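*Asks:* Quick one: this structure, given as C-alpha cells, is what I'll be asking you about.
The values are calculated or read from the model by the stated rules, or taken from the named source; none is laboratory data. Nothing here was measured: the structure is a model prediction, and the numbers come from that model. Using ideal geometry, Cβ is built from the backbone for each residue, glycine included, and neighbour counts are taken over all protein chains shown. Just so you know, the surface numbers come from the protein's heavy atoms only, side chains and all, with ligands and any DNA or RNA stripped out. Shrake-Rupley method; radii C 1.70, N 1.55, O 1.52, S 1.80 Å.
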Amino acid sequence: MFRKTITGSLMAVSLTAGALMTMPSAHAAPTWIGAGTVSGIGFLPSAADVAVADNGDAVATWVSGGRVLASSADHGTWGPAKFVSDAGKEVSSPSVAVNSQGDAAITWRQKDGLDHQRLAVSRRLADDTWNGWNLVSAPADMDVAGQADIALDAAGNLRAVYVATDNGSFNQVRLMKQESATTDVYYTSNMSDTDAFAPSLAMNANGAVLVSWMDVEGAESLIRSRRLAGPGAIWGPVENVSPLGSYGAETDTALSDSGFGSIAFVRNLDSDARVQAVKVQSDGFIGSPEFVSPVDEDAYTLNLDQNDAGTALLSWVAVGDSTEIGYATRSQNGGWVAKEINSPVANPTAPTSSIADNGTILVGYTGNEHLLASYRTKTFLPLSHVDSGDQNMIGHSTVAGMDDQGNAFLGGIRQSNPGEGEVRGAFLDTAGPAASTVALAANQKATTFNVGWNATDRLSEIATGTVRVRAAAWNGGFGAFSYPLLDSAAKSVAFNGAPGRTYCFSSQATDEVGNLSAWSGERCTTTPVDDRALKMAKGFKRANGGAHYKGTYTVATKKGATLTLKNVHASRIAILVTKSAKGGKIQVFFGKKNLGTYSLKGTGLKKLVAQKSLGGPKVGTLTIKVVSPSGKVVKIDGVIAAK
C-alpha cells in the first residue's frame, strides 16, 4: 500500500546507540542509524512533517526563518535543505507526501494579498529542487484552517483535504486535487456541509480515496465520510459513519491497496471519551462502530495506520489514574486488541502509529522533553523501547513514517539556543537486505563454474553473503543443502560440481547492522552426464579428446547405432555433441516418445541439440539413434537431464 502520511510537529531528538534499550536479537537486529541533523542548525523550526514511501524514500519539510524548506533522504542519509516557499511570505502548517515512484508534494498555509490564509502547493522536481508554488484553495475569500491532510497515488495524482472557514459560521471540508505531476491545473470540490471539522484523507497507490470528518448537527455531532473508488470513478455520497452523539473534533483514516479502509474517532459517552473505529469494505460498505479504548479512561490525540493486509494499528493518549499511551491492533477480519505502553515519563503526548506490510509496528510519542518510541518486528515479540533522554524537545507531538519492510523514521525539533534549533532524527533499520543469486546458464558445459550473489538494502551497507545449493543426480532426487560460500564478503565463488547434476542455488545477505535477509529465489543449472555413462549398442565406440567434456566422447559412423541411458529423472533434456562438415543425424527418444531428428552438420565442439521440455518431471529411458547414412560422423559428448 501507499502509506498515509503521519503529520504533526517534529520533536527534538538526538538518538544514539546508547539511547536504545531492549533490542531483540533473533534473525533481525533493529538498529537506530543515521542519527543527525535533517535541517541544519539555524532559526528554530516552528513546524515540520515527514513522509516515508513504501520503497523507503523519505521527505521532510519544516518552517524556519519564515520559509518552507524540505530535505529528501536517500538510503537513510538526508540531503541538503532546499527552499520551497519564497521569502517575505507568511507561511505555516506544512504537510508532505511522497510515493514510491519518486513523486513528492508539499502543501502549506500562506497569506495572500488580502490577508486570507490560502493553501499553497509545490512539487519536487527530478533534480531534487521544488517547482515554485501555486495558491490552490478556493474561494479566495475563505481562510484555510489548520493543516491539510495530503496524499499521492502511484500515478502522481495529488489530493488534499482542508477546512475552508469564514472564522465564524462557515466551516466546510474541501478537497483539492491535481491530476498528475505533469499539469499545473488544480481543482477544488466541496465534501461536506458548512458545519464540518477535522478532516482526514487516505489514498492508496491505485488512486482510491477515503475522507472522513466530524459534522456538527445542532447540539450533537456525528462522523461522516465520502469515498472515491479510483481515479476514473465518481465520488460516492456522504455517508454517516456513526450515529448522532457527542464526538471529539478529530478523525483519522487509512486505506489498503485492496480498497479496504478504516476510520477512527473519539466518542464522548457516559463521562468517558473513548476511541471508536469502523471498517470500510472495498465495496464501500461501512460497518458498525467498535469501541477500541477501554472504559474508565479518556482518550484523545488518536493516530491510525494500516498495511496492505488490512491490519491496523491505532494509538492514543490514555488518561485514567495516570497518563499513558494506549494502542490497539486489528486484523482485517478480526476485532481490536487494546493494550497500554507504560511510559517512562509522566504525561506522554501525541502518539504516532506506523505499521509495515510485514507486521512491524512502531508507536512514537513525546513527554517531558523526551522523544520515545515502542516497536516490535514480530507479533510474538514484546515491545522494545527507545528513549532519547532530555533533549530539550519543543511542543507536544512527534512524526514518524515506515516503509513496507518495517524500516522507520522518527525525528524531532531540538532547541539548541533561544530562537535557534534544528530538525533531527534517526532511522530504525529493522529489515534485512533483498538478496538475489546471479543468473546462471540453464546448461553448463563443464563441471566448474562461477556462482555469484547480489543484495541491496534501503538503509545500511551490505556486509556479507551466503550461498547454498541443493543437488540432484540425473537418476535421482534432490538432497540436503550444502554451503559453497558461507558468511563471506566475496561476491562469487568457483563451484566445483560433478557430472550429471542439477544444482539449485539460493543466497542470503546480512547488512552491516546485522539484519539478515530472506533466502533469494533459486537459480538452477545442470551439468552434463558424461558419455561414458551411456550404454553403447553395436556401431558406437569410445574415444578420447582433451577438448571434449571430461576428455571423452563416443563416436559412430554406422546407421542404426544406438546409445541408451536408463532411469533418467528429468523435466528437460539436451544432447551435447560435436558438429562437423560430415556430421550425421540422430533421432532422440524419451521412453516411446520421439523427440525429433537433429543434424550434427556444422562446426564446433560441445554444441547442444535436442533441447526439449518433457512437460514436467518424467522417469524413463533416453535413446539416441543414428539415422544418417553410414559414413556420416556422429560424436556424442554427454546428455543434459535437468530437473
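*Asks:* Would you mind finding the one in Asp127, Asp193, Asp141 that is outside any strand (DSSP E or B) and either surrounded by 23 or more Cβ atoms within 10 Å (Cβ to Cβ) or at pLDDT 95 or above (or both)?
*Replies:* On the way: Asp127 fails: either surrounded by 23 or more Cβ atoms within 10 Å (Cβ to Cβ) or at pLDDT 95 or above (or both); Asp141 fails: either surrounded by 23 or more Cβ atoms within 10 Å (Cβ to Cβ) or at pLDDT 95 or above (or both).
Being outside any strand (DSSP E or B) and either surrounded by 23 or more Cβ atoms within 10 Å (Cβ to Cβ) or at pLDDT 95 or above (or both) holds for just one of Asp127, Asp193, Asp141, which is Asp193.
*Asks:* Further question on the same structure: Of the conditions (1) part of a strand (DSSP E or B); (2) open to solvent by less than 70 Å² (accessible area, probe 1.4 Å), Ala547 clears all except one; give me its number.
*Replies:* For Ala547, the exception is condition (1).
*Asks:* Just the residues that are assigned to a loop (DSSP other than H, G, I, E, B) and either at pLDDT below 95 or open to solvent by 50 Å² or more (accessible area, probe 1.4 Å) (or both), please, taken from segment 575-596. If you could, list the steps in order and put the result at the bottom.
*Replies:* Looking only at segment 575-596, we keep the residues that are assigned to a loop (DSSP other than H, G, I, E, B), and these are 581-582, 584, 591-592.
Scanning segment 575-596 gives Ala581, Lys582, Lys592.
*Asks:* Shifting gears a bit: Looking only at residues that are part of a strand (DSSP E or B) and in contact with a Phe, Trp or Tyr (Cβ under 7 Å, 6 or more places away or on another chain) in segment 291-301, which one is surrounded by the fewest Cβ atoms within 10 Å (Cβ to Cβ)?
*Replies:* To start, the set of residues in segment 291-301 that are part of a strand (DSSP E or B) comprises 291, 298-301.
Restricting the remaining residues to those that are in contact with a Phe, Trp or Tyr (Cβ under 7 Å, 6 or more places away or on another chain) gives 299-301.
Working: Ala299: 25, Tyr300: 16, Thr301: 19.
Checking each candidate, the answer is Tyr300.
*Asks:* Looking at the structure I just gave you, is Arg274 buried (at least 18 other Cβ atoms within 10 Å of the Cβ) and out of contact with any Leu (no Cβ under 9 Å at 6 or more places or on another chain)?
*Replies:* yes
*Asks:* I'd like the full set of residues that are within 23 Å of Lys177 (Cβ to Cβ), modelled with pLDDT of 95 or more and open to solvent by 20 Å² or more (accessible area, probe 1.4 Å), limited to segment 211-233.
*Replies:* Of everything in segment 211-233, those that are within 23 Å of Lys177 (Cβ to Cβ), modelled with pLDDT of 95 or more and open to solvent by 20 Å² or more (accessible area, probe 1.4 Å) turn out to be Arg224, Arg226, Arg227, Ala229.
*Asks:* Same structure again: Would you please list the contacts, defined by Cβ atoms under 7 Å and residues six or more apart or on different chains, that run from a residue in segment 93-109 that is within 16 Å of Val399 (Cα to Cα) and open to solvent by 10 Å² or more (accessible area, probe 1.4 Å) to a residue that is among the hydrophobic types (A, V, I, L, M, F, W, C) and part of a strand (DSSP E or B)?
*Replies:* Partner pairs satisfying both residue conditions: Ser93/Ala47; Ser93/Trp108.
*Asks:* For Thr323, state whether it is surrounded by fewer than 24 Cβ atoms within 10 Å (Cβ to Cβ), modelled with pLDDT of 95 or more and either among the hydroxyl-bearing types (Ser, Thr, Tyr) or more than 30 Å from Ile234 (Cα to Cα) (or both).
*Replies:* Details: surrounded by fewer than 24 Cβ atoms within 10 Å (Cβ to Cβ): yes; modelled with pLDDT of 95 or more: no; either among the hydroxyl-bearing types (Ser, Thr, Tyr) or more than 30 Å from Ile234 (Cα to Cα) (or both): yes.
When the stated conditions are applied, Thr323 does not pass them.
*Asks:* Please go through segment 104-156 and pick out each residue that is at positive phi and in contact with a Ser or Thr (Cβ under 7 Å, 6 or more places away or on another chain). Please lay out each step first, then the result.
*Replies:* Taking segment 104-156 and keeping what is at positive phi, we get 115, 128, 132, 146, 156.
Selection gives Asp128, Gly132, Gly146, Gly156.
*Asks:* Just the residues that are under 30 Å from Gly406 (Cβ atoms), of a type in the set (Val, Ile, Thr) and open to solvent by less than 40 Å² (accessible area, probe 1.4 Å), please, taken from segment 421-450.
*Replies:* Those that are under 30 Å from Gly406 (Cβ atoms), of a type in the set (Val, Ile, Thr) and open to solvent by less than 40 Å² (accessible area, probe 1.4 Å): Val423, Thr430, Thr437.
*Asks:* Could I ask something else about it? Within segment 470-519, considering only strands (runs of 3 or more DSSP E) that don't extend past its boundaries, which have at least 2 residues that are within 22 Å of Ala439 (Cβ to Cβ), hydrophobic (A, V, I, L, M, F, W, C) and open to solvent by less than 40 Å² (accessible area, probe 1.4 Å)? Reasoning before the result, please.
*Replies:* Details: elements: 482-488, 492-496, 501-511.
Here the list reads 492-496, 501-511.
*Asks:* Pick out the one residue from Ala208, Ala181 that is modelled with pLDDT under 95 and either hydrophobic (A, V, I, L, M, F, W, C) or open to solvent by less than 40 Å² (accessible area, probe 1.4 Å) (or both).
*Replies:* Numbers: Ala208 fails: modelled with pLDDT under 95.
Answer to the selection: Ala181.
*Asks:* Is it true that some residue in segment 350-373 is of a type in the set (A, V, I, L, M) and either in contact with a helix residue (DSSP H, G or I) (Cβ under 8 Å, 6 or more places away or on another chain) or free of Cβ contacts under 8 Å to residues at least 24 places away in the same chain (or both)? Give the derivation first.
*Replies:* Going through segment 350-373, the residues of a type in the set (A, V, I, L, M) turn out to be 350, 355-356, 361-363, 371-373.
Then keep just the ones that are either in contact with a helix residue (DSSP H, G or I) (Cβ under 8 Å, 6 or more places away or on another chain) or free of Cβ contacts under 8 Å to residues at least 24 places away in the same chain (or both); that gives none.
No, every residue in segment 350-373 fails to be of a type in the set (A, V, I, L, M) and either in contact with a helix residue (DSSP H, G or I) (Cβ under 8 Å, 6 or more places away or on another chain) or free of Cβ contacts under 8 Å to residues at least 24 places away in the same chain (or both).
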